Amino acid sequence: MSDRIQAVRGMNDVLPQETPAWQFLEDNARRVLESYGYEQIRFPLLERTALFSGAIGESTDVVSKEMYTFEDRNGESLSLRPEGTAGCVRALLQHGMLQGQTHRLWYQGPMFRHERPQKGRLRQFHQIGAEAFGLDGPDVDAELILLGERLWRRLGLTGISLEINTLGTPESRARYRDALVEFFSSRRGELDEDSRRRLESNPLRILDSKNPDMRALIDHAPRIDEHLDAESADHFGRFKELLDAAGVGYRVNPRLVRGLDYYTRTVFEWLTDKLGAQSAICAGGRYDGLVASQGGPDTPGVGFAMGLERIIELLRLEQGGFDSTPHAYLLLLGETAQVAGTALAEKLRDALPALRLVMNAGGGSMKAQFRRADRSGAQYALILGEAEAQSGEVAVKPLRGEGEQQTVSSEALPAWLAERLELGAG
């Protein structure tokens with residue numbers, strides 16, 4: 001075993017050259033969410049284990065196999081959050097925010113599941129989630145879909161498809177569960193090991209099996225729409241009508257289930273065929289009974305979570321790299337220039353908020369500073385020496401492509417840079 005200091009397996013660093021793509025995604029997601037009236041909430045990484053086992057379900061893979069759980073010094077069982085909805089509900093209940101009120105909320109941050117690390121599936125992964133509470137109609141279900149579609153357009157992503165389904169009420173879901181148990185029990189010899197385990201604990205998850213040898217058997221299993229209650233069928237019908245009116249394409253997948261026990265009625269997944277087996281980039285649905293199950297008032301809820309690592313990978317595939325290199329590097333030659341250059345750099349940043357400007361630090365000869373400027377990737381070197389500091393001018397030398405060095409007055413420099421770099425003034 002290597003003695004090198006390394007990150008924990010499945011928990012990756014995001015390096016400086018990678019962060020622009022993350023910032024692009026996060027900034028655009030925030031703007032879209034806020035444009036629909038969703039407000040940000042932040043809650044802890046750690047919660048009592050009972051919160052997740054009670055909300056998500058003891059029999060789910062998340063709780064039974066994947067959570068990072070430990071006892072603290074007081075002997076209390078705590079877990080790193082594996083998802084965001086349960087913590088969001090806990091926060092609202094704790095602060096008395098669900099007494100006859102409606103809320104549209106969003107959050108972002110790391111989640112933790114002890115899975116086998118692979119492309120698109122890490123042990124520390126990041127999500128942006130949206131949750132709406134106190135609204136029971138299909139209109140808010142459709143709103144979340146429209147929000148997602150708007151985000152994909154804003155990010156410039158293509159080829160993303162939508163699958164939808166309904167799981168009905170807990171009562172109709174229980175009847176469906178019984179039908180699945182009866183069917184799969186009669187064909188037990190055809191089940192793989194994972195499906196035999198799920199038959200006893202969470203038979204709906206058999207429908208989500210990724211084993212191709214199970215496909216034919218699953219295709220002959222009972223369908224949820226054969227056991228759906230009338231109210232849920234009407235809710236789903238109106239949900240589809242709203243999507244149709246908005247021009248949203250979708251496919252009804254009667255085998256679509258979610259891995260967490262709290263889902264009821266509407267469920268959905270946004271999928272891509274560009275990431276191999278990890279095709280889901282955003283998924284969610286209704287959880288109308290979750291708040292009440294946690295001791296709160298009877299409060300409907302619906303939401304989704306998107307996996308940022310997978311969307312980042314899509315952005316890289318479709319758009320390539322995101323530039324974070326400096327626009328300009330300011331060389332300072334002499335003590336007078338160092339004093340004047342500090343003030344000049346701040347004036348440029350005031351005038352051009354989008355300007356990425358690196359000011360030389362640590363001194364050095366002109367040759368050494370030019371080497372630093374070139375290594376930075378900057379497009380222009382701004383050269384401020386003793387003479388320029390006295391005259392109120394700056395020498396500007398292109399570092400990429402063609403062009404001659406020229407002298408520009410300090411007053412005219414912001415406009416000069418804005419024109420050539422296509423930066424808006426502040």
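Which of the residues that make up region 91-117 are among the charged types (D, E, K, R) and modelled with pLDDT of 95 or more?
Step one: list which residues in region 91-117 are among the charged types (D, E, K, R), which gives 104, 113, 115-116.
Of everything in region 91-117, just one residue is among the charged types (D, E, K, R) and modelled with pLDDT of 95 or more, namely Arg104.
For region 218-240, give me each residue that is within 23 Å of Ala132 (Cα to Cα) and touching a residue at least 24 places away in the same chain (Cβ under 8 Å). Correct list: Glu231, Ser232, Ala233, His235, Phe236, Arg238, Phe239, Lys240. For region 313-338, a tally of residues being in contact with a Leu (Cβ under 6 Å, 6 or more places away or on another chain), within 26 Å of Ala395 (Cβ to Cβ) and part of a helix (DSSP H, G or I) returns 2.
Checking the conditions here, which among Arg223, Arg187, Arg197, Arg265 is surrounded by 21 or more Cβ atoms within 10 Å (Cβ to Cβ) and among the basic types (Lys, Arg)? Give the derivation first.
Numbers: Arg223 fails: surrounded by 21 or more Cβ atoms within 10 Å (Cβ to Cβ); Arg187 fails: surrounded by 21 or more Cβ atoms within 10 Å (Cβ to Cβ); Arg197 fails: surrounded by 21 or more Cβ atoms within 10 Å (Cβ to Cβ).
Result: Arg265 is the single residue among Arg223, Arg187, Arg197, Arg265 that is surrounded by 21 or more Cβ atoms within 10 Å (Cβ to Cβ) and among the basic types (Lys, Arg).
For region 387-426, the tally of residues that are over 13 Å from Ala340 (Cβ atoms), out of contact with any Gly (no Cβ under 7 Å at 6 or more places or on another chain) and not in a helix (DSSP H, G or I) stands at 21.
Look through region 109-127, keep the residues that are basic (Lys, Arg) and over 12 Å from Met11 (Cβ atoms), and return whichever of them is surrounded by the fewest Cβ atoms within 10 Å (Cβ to Cβ). Restricting to residues being basic (Lys, Arg) and over 12 Å from Met11 (Cβ atoms), the top hit is Arg116.
Is it true that some residue in region 210-217 is more than 20 Å from Glu131 (Cα to Cα) and surrounded by 17 or more Cβ atoms within 10 Å (Cβ to Cβ)? Among the residues of region 210-217, at least one is more than 20 Å from Glu131 (Cα to Cα) and surrounded by 17 or more Cβ atoms within 10 Å (Cβ to Cβ), which makes the answer yes.
Consider region 340-378 and keep the residues that are surrounded by fewer than 15 Cβ atoms within 10 Å (Cβ to Cβ) and not in a helix (DSSP H, G or I). The one that is farthest from the chain's Cα centre (by Cα) is Ser365. The number of residues in region 163-202 being part of a helix (DSSP H, G or I) and either among the hydrophobic types (A, V, I, L, M, F, W, C) or within 17 Å of Val267 (Cα to Cα) (or both) comes to 13.
Of the strands (runs of 3 or more DSSP E) lying entirely inside region 41-137, those containing at least 3 residues that are of a type outside the set (Asp, Glu) and within 24 Å of the chain's Cα centre (by Cα) are 103-112, 124-133.
Here Arg265 fulfils each of the conditions (1) in a loop (DSSP other than H, G, I, E, B); (2) on the phi > 0 side of the Ramachandran plot; (3) in contact with a helix residue (DSSP H, G or I) (Cβ under 6 Å, 6 or more places away or on another chain) apart from (1). When Val32, Val62 are checked against the criterion of being farther than 24 Å from Val291 by Cα, touching a helix residue (DSSP H, G or I) at 6+ places or on another chain (Cβ under 6 Å) and surrounded by 18 or more Cβ atoms within 10 Å (Cβ to Cβ), Val32 stands alone in meeting it.
For every residue, the table says whether it meets (1) under 29 Å from the mean Cα position of the chain (by Cα); (2) among the hydrophobic types (A, V, I, L, M, F, W, C).
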{"site": "Leu162", "(1), (2)": "yes, yes"}
{"site": "Asn165", "(1), (2)": "yes, no"}
{"site": "Glu171", "(1), (2)": "no, no"}
{"site": "Phe184", "(1), (2)": "no, yes"}
{"site": "Ser195", "(1), (2)": "no, no"}
{"site": "Arg198", "(1), (2)": "yes, no"}
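Scan region 373-386 residue by residue and report those that are within 15 Å of Gln338 (Cβ to Cβ) and out of contact with any helix residue (DSSP H, G or I) (no Cβ under 9 Å at 6 or more places or on another chain). Correct list: empty.
Looking only at region 282-327, residues that are in contact with a strand residue (DSSP E or B) (Cβ under 9 Å, 6 or more places away or on another chain) and either farther than 26 Å from Pro110 by Cβ or without any contact (Cβ under 8 Å) to a residue 24 or more places away in the chain (or both) come to 6 in all.
The values are calculated or read from the model by the stated rules, or taken from the named source; none is laboratory data. Worth saying up front: this structure is predicted, and the values here are computed from it rather than measured. Virtual Cβ from ideal backbone geometry, glycine too; neighbours counted across all protein chains shown.
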